[in-house]
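Bear in mind that the values in this text are calculations on the coordinates, not laboratory data. This structure is a prediction, so every number in the text was calculated from the model and none was measured. Here the Cβ positions follow ideal geometry from the backbone for every residue, glycine too, while neighbour counts run over all protein chains shown.
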Amino acid sequence: MTLRFGSMTKHTTSIYRYLTGPDDASFCHRVTEALSRGWLLYGPPTLTFDAVRGRTICGQAITKELDGVTYAPDLDLATL
């Protein structure tokens, strides 16, 4: 998205990630870390059951707006 303020132009990129993992404390810590780094929750969490491993898998979409960053396929989203 590009916003114009008078003669100034501000380029903002929306970044999306989907975190997944077993339903345990480590997954909650990953989401909490992302929130503390400026990511925002996007929608409700999801749950599914892995019958082979006998465990529940969680998923949570997160987004972040970044100024001055242009998306590229090699962008390491985990470091943003």
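Residue count for the stretch 8-42 satisfying the condition of being small (Gly, Ala, Ser) and either under 24 Å from Pro73 (Cβ atoms) or touching a Cys at 6+ places or on another chain (Cβ under 7 Å) (or both): 4. Taken over the stretch 34-80, residues that are over 15 Å from Thr13 (Cα atoms), hydroxyl-bearing (Ser, Thr, Tyr) and either in contact (Cβ under 8 Å) with a residue 40 or more places away in the chain or in a loop (DSSP other than H, G, I, E, B) (or both) amount to 1.
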